[in-house]
1. How large is ³J(HN,Hα), in whole Hz, for each residue of segment B:83-94 in order, when computed from phi with the Karplus curve 6.51 cos²θ - 1.76 cosθ + 1.60 and θ = phi - 60°, using x for Gly and Pro?
2. For segment A:2-42, which whole-number percentage of the solvent-accessible area (1.4 Å probe, protein heavy atoms only) is attributable to carbon and sulfur atoms?
3. With +1 on the Cβ of every Lys and Arg and -1 on the Cβ of every Asp and Glu, and nothing else charged, how large is the dipole of chain A about its Cα centre, in debye rounded to the nearest 20?
4. Using R₀ = 22 Å, calculate the FRET efficiency as 1/(1 + (r/R₀)^6) where r is the Cβ-Cβ separation of B:THR141 and B:LYS31; round to 0.05.
5. With solvent modelled as a 1.4 Å probe, how much accessible area in total do chains A and B shield from it at their shared surface, in Å² to the nearest 100?
6. About its Cα centre, how strong a charge dipole does the protein assembly as shown have in debye, to the nearest 20, once Lys and Arg get +1 and Asp and Glu get -1 at the Cβ?
7. Using a 1.4 Å probe, what is the accessible area per residue for segment B:124-267, in Å²?
8. Going Cα to Cα from B:LYS170, which lysines come in below 30 Å? Please leave out same-chain ones fewer than 8 positions away.
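The values are calculated or read from the model by the stated rules, or taken from the named source; none is laboratory data. This is a predicted model, so every value here is computed, not measured. Using ideal geometry, Cβ is built from the backbone for each residue, glycine included, and neighbour counts are taken over all protein chains shown. Side chains included, ligands, DNA and RNA excluded: accessible areas come from the protein's heavy atoms. Shrake-Rupley method; radii C 1.70, N 1.55, O 1.52, S 1.80 Å.
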Amino acid sequence: MERKKTGFIILTVSVILIVLGLMAGEYREVWNKAVMICMECIGLG
Amino acid sequence: MKSFRRRYMQLLTAVLYNSHISGFFTGKIYKGELKGVCTPGLNCYSCPGAIGACPLGSLQSAIQKSHGRFPLYMLGTLLLFGVLLGRTICGFLCPFGLIQELLHKIPTPKIKKNRITRALSYIKYVILAVFVVLIPFIKLTPGFCKYICPAGTLEAGLPLAILNEGIRSKLGWLFSWKVFVLAVCILICIFVYRAFCRFICPLGAIYSFFNRVSLFGIKVDKDKCTNCKTCVNACKMDVRSVGDRECISCGDCRSVCKEKAISFGKN
């Protein structure tokens, strides 16, 4: 029961963090990085 | 869950994560709106087929740019994935996990789990702390992506080097190093089951924190369990008990449990 309660608390916190992050424009930051070829990832540094 | 269903899920996931098929012909990566959504499993966002963002790459990038503030969206995303599924993601929703399992099917002598491999399983937490958190924070570069990630080399570096002449002309020592790391990883995975997952993967390290509290995953009926440890002995991961931080919910233990105490579903 404790674990289930902990799980639901974490679930709630995660949703709140995502919403706050979206409001702060962080989705666009992730998108900006993801749509450019990551030079570090492909070994160009 | 039967192994063919899990394999089917892994294949479907790998295809879905990389469904921007035209990218494999043009050498151009997907730039649609969906690219801001992270895939739960490890999948390089510079893969020409990738339609989502890599959670590990995005986390490092967010830490780089955070300047001391919490990267809320990325933390929330990882918490969400972790609390919903924990390392079930490793077992079902990770293309690189699938690749490792397929490599392990090559018929060679195998190195079974032991006390040494259990000790080695702690390395991934050091890699998480140093390469995913510290290096991006201090050196402002994605440490894991740049120096280690074999998934990035396999899914992005090699295809783009083949398809894109501009990229090919710029390759240097770092690319050679990453190809070497990939080659070593592939070689080891032939002999050691899921070696990257067990010893290196920082994403697996993150999700392992949630295994005991995840809402879906493998569970043991304590009323039926006789503590015979047949499940632990049958498991190829470095578990001490079913559902602990090393468990990827593959379900191999279900078929050997004589008491039918192990099931997969809501915790």
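1. The phi angles translate into 6, 6, 10, x, 7, 4, 4, 4, x, 10, 10, 10 Hz.
2. On the way: 1700 of 2340 Å².
For segment A:2-42, the apolar C and S fraction of the accessible surface comes to 73 percent.
3. About 260 debye.
4. Values: r = 23 Å, r/R0 = 1.05.
With R0 = 22 Å, the Cβ-Cβ based efficiency is 0.45.
5. Buried surface at the A/B interface: approximately 3400 Å².
6. For this selection, approximately 920 debye.
7. Ligands and nucleic acids excluded, the result is 46 Å² per residue.
8. Result set, ordered by chain and number: A:LYS33, B:LYS28, B:LYS31, B:LYS35, B:LYS65, B:LYS139, B:LYS146, B:LYS178.
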